[in-house]
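None of the figures in this text is laboratory data; all of them are computed from the coordinates on show. Given the structure is predicted, the values throughout are model-derived calculations rather than measurements. Note that each Cβ is placed from the backbone with ideal geometry, even for glycine, and that neighbours are counted across all protein chains shown.
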Amino acid sequence: MKQKIGLFGGSFDPVHLGHLLVAQAACEEAGLDRLYFIPAAQSPFKPGASPAPASERLRLLRLALAGGNRYEIDEQEVLRGGVSYSIDTVRDYARRFPDSKLFYLIGADHVGSLPKWRAEEELARLVEFIVIPRPGQPPTEFAPPFQGRMLKGFPLGVSASEIRARARAGLPLDNLVPPAVAGAIRNYRLYL
Ligand code: ATP
C-alpha cells in the first residue's frame, strides 16, 4: 500500500479551527498517513496582503498542532521566501517521496482558480486535490486536467480574516482558534 501524504498550504494568518477540522476530515476521509501544514511566505493570490511575520504564524501553528502525531509543519516556503508557488513545494515532495501518493488540500473557494496556478499541467500530474466545502461555495467541478474529490466534511464559517478583524476589535477568539493560539495572539498583541 502506498503511503498517502497530504499537503496543506495556506497563509495560516492565523491558523484556526476551520484549518484543524479540514485536516481531521482529510485524514479520516482520505485515509492520509501524514499531513504537512505548509505556511506560505507570500500567497500568489494575496499580492497586496502583508501577513503577520512568518515567525509569529509558525509560533501559532506549533501551538495549534502540539501533540498531534500525524501533523507536521514544513517551513520550506517560508525559508525560500518571496512568492510561494505550490508547484515548487509539490516538486520537492515528489522528489523526496517518490513512492507515496500526494494529496493537496484546498478550500472550495480555490477550485475555480486552479487553472491559473503555476505549472498547472505538472501540478495536476503530481497531486490529487482534496477539497473541503466552505459556506457559500457551491460544489465546483474540476477543470481538466485536475482531479480530486470533495470531502463530505461540513462547511464551517471560520476564516482567518474574521479572526484578524475580531482581534483588532478586541473581541474574544474562543472557539474559533485553539485556546493556546488565542492566548498567544493576546499576549503577543498580534493583529492589532
Ligand atoms: P483569509 O480569511 O485570510 O483569506 P483563510 O481562513 O481562507 O484566510 P488560509 O490560511 O489562506 O485561510 O487557508 C488555507 C487553506 O485552507 C485554503 O485552501 C482555504 O480555502 C482553506 N480554508 C480555510 N478556512 C477554511 C474553512 N473554514 N473551511 C474550509 N477550508 C478552509
Original post:
What is the magnitude of the charge dipole of the chain about its Cα centre, with +1 placed on the Cβ of each Lys and Arg, -1 on the Cβ of each Asp and Glu, and no other charges, expressed in debye to the nearest 20?
Top reply: 340
Original post:
Angle between the Cα long axis of helix 86-96 and the longest principal axis of the chain, 0 to 90 degrees, nearest 10?
Top reply: 60
Subject >> Within the chain, longest stretch clear of exposed GluC sites (Glu not before Pro) (DSSP loop, no more than 15 other Cβ within 10 Å) >> reply: 1-74
Original post:
Order of His110, His19 from fewest to most other C-beta atoms within 10 Å?
Top reply: His110, His19
Original post:
Do you know the relative contact order of segment 4-156, to the nearest whole percent, from alpha carbon pairs under 8 angstrom that are 6+ apart?
Top reply: 24
Subject >> Rh by Kirkwood over Cα pairs, then Stokes-Einstein D for the chain at 1.567 mPa s and 4 °C, µm²/s >> reply: 76
Original post:
Looking at the chain, how many pairs of lysines come closer than 24 Å at the Cα, when each pair is eight or more places apart or spans two chains?
Top reply: 7
Subject >> Cα centre as origin, Lys/Arg/Asp/Glu Cβ charges: segment 40-150 dipole, Debye >> reply: 180
Original post:
Using modelled backbone amide H atoms (1.01 Å from N, in-plane), which distant-in-sequence or interchain residues come within less than 5 Å of Leu7's amide H?
Top reply: Tyr36, Phe103, Tyr104, Leu105
